[in-house]
Amino acid sequence: MKIEALVRQPIFEVTRRAVMGFSSPGHGYRPYRAYTNVASYGDMLFTHTDCLPEQRDLTALWYLCDRWDVEWGGETVFYDANDELMCAVRPRPGRLVVFDGAIKHAGRAPNRICYTPRYTFAIKFERVAIG
Ligand SMILES: O=C(O)CCC(=O)C(=O)O
Ligand SMILES: [Fe+2]
């Protein structure tokens, strides 16, 4: 999605406010990319990072679902430097998670009993000097 169009949407204002909480004196965040992920049972979503550690980008991830059964799986999982699980975020209607893009993570495909696609909407922010 074009960033100029995104910033006019109500979802962006909510996202911006959440991301603002990570600002520090002299530094803010600027959106540079936004897109939707879709995954269904059997898909393979690879473990990755969204930026290099020194970049300190943030990823804002919305779970776009009307409902999400706990048995459907499809969590976003986060790993430490030893590839141990630190955290799993369960899709939930309207949930937003904001995280440091340098943390290793992966979306997980839904389980076999899930007949609905798993949609997430990602907005990537770069750290910028302000003032
Ligand atoms: O859909 C997810 O849970 C993760 C998406 C993601 O990691 C990304 O878009 O960079
Ligand atoms: Fe990612």
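No value in this document is a laboratory result; all are computed from the given coordinates. If you're wondering where the values come from, they're calculated on a predicted model, not measured in any experiment. Cβ sites come from the backbone with ideal geometry, for glycine too, and all protein chains shown count toward neighbours.
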Q. Roughly speaking, what is the centre-to-centre gap between region 91-110 and region 6-41 when only Cα atoms are used, to the nearest Å?
A. 13 Å
Q) In terms of modelled amide H atoms, which long-range or inter-chain residues lie less than 5 Å from the amide H of Arg33? A) Lys124
Q | HN-Hα J in Hz across region 61-77 - Karplus 6.51, -1.76, 1.60, θ = phi - 60°, x for Gly and Pro | A | 10, 9, 9, 9, 8, 6, 8, 8, 6, 4, 6, 7, x, x, 5, 9, 10
Q: Round to the nearest 0.05 the FRET efficiency obtained for Ile11 and Glu84 when R0 = 35 Å and r is the Cβ-Cβ distance.
A: 0.60
Q | Glu75, Glu13 arranged by Cβ crowding within 10 Å, fewest neighbours leading | A | Glu13, Glu75
Q | Packing-based exposure ordering (other Cβ within 10 Å, fewest first) of Lys2, Lys104 | A | Lys2, Lys104
Q.
Taking the 0 to 90 degree range and rounding to the nearest ten, how far is the long axis of helix 10-20 tilted relative to the main principal axis of the chain, both from C-alpha atoms?
A. 70 degrees
Q: Inverting the mean 1/r over all pairs of different Cα atoms, compute the Kirkwood radius of the chain and quote it in Å.
A: 15.5 Å
Q. Hey, what number do you get for the chain at 222 nm if only DSSP H runs of n ≥ 4 count, each worth -39500 (n - 2.57), divided across all residues, to the nearest 500?
A. -3000 deg cm²/dmol
